[in-house]
Amino acid sequence: MTKIKPWHEQVGSQRDWVWRGWQTRYTYIRASQLNAKTTPVLLLHGFGASIGHWRQNMVSLSQNHNVYALDMLGFGASRKAQVNYKIDLWVEQVYDFWRTFIQQPIVLIGNSIGSLVCLAAAAAHPEMVKSVVMIGLPDMSAREEAIPKFMRPAVAAIEGLFASPLLLKNVFYLVRRPGVVRKWAAIAYSNPAAISDELVDILTGPAQDRGAAAAFGAILKAMIGSDFAPSVKTLLPNLEIPLLLIWGNQDRMIPQSLSRRFVELNANLQLVNVDNAGHCVHDECPEQVNQILLDWLDVKYMESSKPTLLAKSNIVRAYEEIPLNPP
């Protein structure tokens, strides 16, 4: 009987890196088959998660690619800093990480808020990004659009009350409990069997760190602000690189209707739906998603025609290889 390794042994070699004076956790796995032309991959987690959320994906992706994963500031084992949190802050963290450790075009893969960071990073630093994969993609501007104008002052007042540091601190101490985390995960996941003790440990462990309550409050308060994130409708149309959007058909965190709207914004965006999966498809259906990602990473870009993916398992290799810039 094969013994499954604990999660921290499945995510490669964890290291600490000091970014702007703050300790930041990252990890990497070198490609098992050395090939000078392989494209590095950088994984970015979603809200409340960390590099441990990629434990079922990293080894598979490292067959032919150097794979990195980063705990964004305020999450995981990275410093719970007291800063003005916003998507742009994490974009600069990713960019500085890339300049320090990688220095060649990469594929960015994100989940939830991590997807939004990937998209914004590709727009801000096109020299860094070869293609982007988004596993669930929130759009903060869509929330405001969904609220009728006459209700917005009342909603703003409620949000202002919710942003009280004292209230947020009490909310934090409640939601970090394993039982509450399990209930939250039951909304994010379609399959209850995927909500393991290990997953709960990954989600609750960082909440015990010093400064975690204050960071949680700062991030939540920032998320309800108007300048937390750029609009997806602004970012997507201007990107001219291959884009893949993976969406769980049972996602209850973000309306599935958004995925269809996103596809209309960029002809280079390929949508792949995964059945029996919720918001964290990569963790809930790792074998299926790993194959989708491996096929995507081997896809070749055809400059003479519109980028199209045909059927081979989940997607087909239909792009010609985008040449890498020399390191």
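Taken together, the values in this text are just the output of simple stated rules run on the coordinates, not laboratory data. Because the structure is predicted, anything quoted here is derived from the model rather than measured. Note that we place each Cβ from the backbone using ideal geometry, even for glycine, and neighbour counts take in every protein chain shown.
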Given the peptides 214-224, 48-58, arrange them by the average over their residues of other C-beta atoms within 10 Å, most packed first. 48-58, 214-224
For region 7-303, what does the alpha-carbon gyration tensor say about shape, rounded, prolate or oblate, given a ≥ b ≥ c as the root eigenvalues, a/c under 1.5 as rounded, and a/b over b/c as prolate? rounded
Peptides 291-297, 71-77: what's the order by average Cβ count within 10 Å, highest mean first? 71-77, 291-297
Taking only the C-alpha atoms, wrap a convex hull around region 242-288 and report its volume per residue in Å³ as a whole number. 66
